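The values are calculated or read from the model by the stated rules, or taken from the named source; none is laboratory data. No experiment lies behind these values; they were computed from the predicted model shown. Here the Cβ positions follow ideal geometry from the backbone for every residue, glycine too, while neighbour counts run over all protein chains shown. Note: areas computed on protein heavy atoms with side chains; ligands, DNA, RNA excluded. Shrake-Rupley method; radii C 1.70, N 1.55, O 1.52, S 1.80 Å.
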Amino acid sequence: MLLSDQWKEYELIDASNGEKLERWGKYILLRPDPQIMWDNGDLRKKYAGKINAIYHRSSKGGGYWENLTKLPPTWEIHYKNLIFNVKQMGFKHTGLFPEQAVNWDYMMQKIKNANREIKVLNLFAYTGGATVACLWAGASVCHVD
């Protein structure tokens, strides 16, 4: 298994009972994650006073962010030389999937070592992490979502 373990501004702090606690830059967010089936205690109690925002799911789909402290509408987060703007999205996301950094590393290494012009057609571009990585490595990219 390959892990994206070179983040300095993202951290999975803890996970328990369908929720994960993450650090995104200087902000701590608690979000639902149905793949977390183990009991590691009540994260809300365990980290009381440290959580900046909690995402609450709606029984009708979607949900909302409850900001416990003031958060900016967007903020920067860095991975190596890549810069991303993240924000609280309407469906529990932040606009970036940090677990994909291992794939960005792979793409950047392949592009940098190609010794030729590289053109990338990113057909499932979504938030743009792979697009940013490929552009930084020197490829020309067509970003389609």
task: Keeping to the range 70-83, report how many residues are closer than 22 Å to Ile54 by Cβ, out of contact with any Lys or Arg (no Cβ under 8 Å at 6 or more places or on another chain) and surrounded by 13 or more Cβ atoms within 10 Å (Cβ to Cβ).
output: 2
task: Scan the range 1-23 residue by residue and report those that are among the acidic types (Asp, Glu) and part of a loop (DSSP other than H, G, I, E, B).
output: Asp5, Glu9
query: Applying the selection to the range 23-40, what residues are of a type outside the set (A, V, I, L, M, F, W, C) and either open to solvent by less than 30 Å² (accessible area, probe 1.4 Å) or under 18 Å from Thr94 (Cβ atoms) (or both)?
result: Arg23, Gly25, Lys26, Tyr27, Arg31, Pro32, Asp33, Pro34, Gln35
message: For Leu2, only one of the following conditions fails: (1) under 17 Å from the mean Cα position of the chain (by Cα); (2) free of Cβ contacts under 8 Å to residues at least 60 places away in the same chain; (3) open to solvent by 80 Å² or more (accessible area, probe 1.4 Å). What is its number?
response: (2)
message: List pairs: first residue in the range 23-39 and more than 21 Å from Gly63 (Cβ to Cβ) and of a type in the set (Ser, Thr, Tyr), second residue modelled with pLDDT of 95 or more and open to solvent by less than 30 Å² (accessible area, probe 1.4 Å) anywhere in the structure, Cβ distance under 7 angstrom, at least six positions apart or on different chains.
response: none
- request: Can you tell me which residue within the range 119-132, out of those that are modelled with pLDDT of 95 or more and surrounded by fewer than 17 Cβ atoms within 10 Å (Cβ to Cβ), is nearest to the chain's Cα centre (by Cα)?
  value: Leu121
task: Count, please, the residues in the range 90-99 that happen to be open to solvent by 70 Å² or more (accessible area, probe 1.4 Å) and more than 8 Å from the chain's Cα centre (by Cα).
output: 1
Qualifying residues in the range 53-63 (those that are free of Cβ contacts under 8 Å to residues at least 12 places away in the same chain and open to solvent by 60 Å² or more (accessible area, probe 1.4 Å)) - the one farthest from Lys20 (Cα to Cα): Lys60
